[in-house]
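Below is one structure, written out as structure tokens; comments come after it.
Bear in mind these aren't lab numbers, they're just calculated from the coordinates by the rules spelled out. Just so it is clear, the model here is predicted, and its values are computed rather than measured. All Cβ positions, even for glycine, are placed from backbone atoms using ideal geometry, and neighbour counts span all protein chains on display.
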Amino acid sequence: ETGVTQSPTHLIKTRGQQVTLRCSSQSGHNTVSWYQQALGQGPQFIFQYYREEENGRGNFPPRFSGLQFPNYSSELNVNALELDDSALYLCASSFTSGDTQYFGPGTRLTVL
Amino acid sequence: GIQVEQSPPDLILQEGANSTLRCNFSDSVNNLQWFHQNPWGQLINLFYIPSGTKQNGRLSATTVATERYSLLYISSSQTTDSGVYFCAVDIRTGANNLFFGTGTRLTVIP
């Protein structure tokens, strides 16, 4: 059974650029959640996708957007990058919405 | 909004010692999970425990939802237990949109 995978592992962008992060959910899981973890803090919930529909959103601006595909993999897109967007971005999948979440290794984004 | 506080913020243990980590939350929640984040950033699921007690090897957890707290017990600690321990609560019915606590940084020294 393949766990949650994320790509890329590291990414460097400049302020104002756009970025797309990718996540493949664990086999059999139909729900994907995204979190942002700034250095020294706990993860913060961005949004969740359940069967290709957004199923909850945290306190993040609209320039953070997402997508879930029919195979339940997911993308996180961030437009107009700001320096404060530098963080570890974590993806988690679960068998269904409300179930235990399993996290991927994360993508570390640096915005210069 | 909901507050999730963990204590202690930092803990240093000698290998073989036992410890108790606490998570207090300010409102009723639908679910609670404990995670261990290793030094490489990987979050590892320890327990899914909305109420009651569970055990897994040297680790056990107890959640008393009516009193709004959860405890994580680590017995016979090992250096590989080092890292940050987070509790996270579900702030929205059924969807398990997790709100993370402040974390406890554990260092186990040989």
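About its Cα centre, the dipole of the protein assembly as shown is roughly 160 debye, where the only charges are +1 on Lys and Arg Cβ and -1 on Asp and Glu Cβ. Loop-located GluC sites (Glu not before Pro) in the range B:1-108 (DSSP state other than H, G, I, E, B) with a sparse environment of at most 14 neighbouring Cβ atoms within 10 Å: B:Glu15. Summarised in one figure, the compactness ratio Rg/Rh of the range B:50-90, Cα atoms and Kirkwood Rh, is 1.00. Once backbone amide H atoms are built at 1.01 Å from N, B:Arg68 has no partners under 5 Å, excluding neighbours fewer than 5 places away on the same chain. Using the Karplus relation 6.51 cos²θ - 1.76 cosθ + 1.60 with θ = phi - 60°, the per-residue 3J(HN,Hα) values for the range B:23-36 come to 10, 10, 10, 8, 9, 5, 10, 8, 7, 9, 10, 10, 10, 10 Hz, with x marking Gly and Pro.
The Kirkwood hydrodynamic radius of the range B:1-44, based on inverse pair distances between different Cα atoms, is 12.9 Å. Divide the volume of the convex hull around the Cα atoms of the protein assembly as shown by the residue count and you get 119 Å³ per residue. The three principal axes of the Cα atoms in chain A give end-to-end lengths of 38, 25, 25 Å, sorted in falling order. Normalised by the number of residues in chain A, the average gap of Cα pairs under 8 Å and 6 or more apart makes the relative contact order 37 percent. Size of the range A:29-91 from its Cα atoms: along the principal axes, largest to smallest, the extents are 33, 23, 17 Å.
Separation of the range B:52-101 from the range A:1-76 is 23 Å, based on Cα centroids.
Working note: Cα atoms of the range A:2-64, range along each principal axis, descending, whole Å: 37, 25, 25.
Using only atoms on other chains, find how many Cβ atoms lie within 10 Å of each Cβ of peptide A:98-105 and report the average.
That works out to 6 on average.
Averaging 1/r over each pair of different alpha-carbon atoms in chain B and inverting the result gives 13.9 Å, the Kirkwood hydrodynamic radius.
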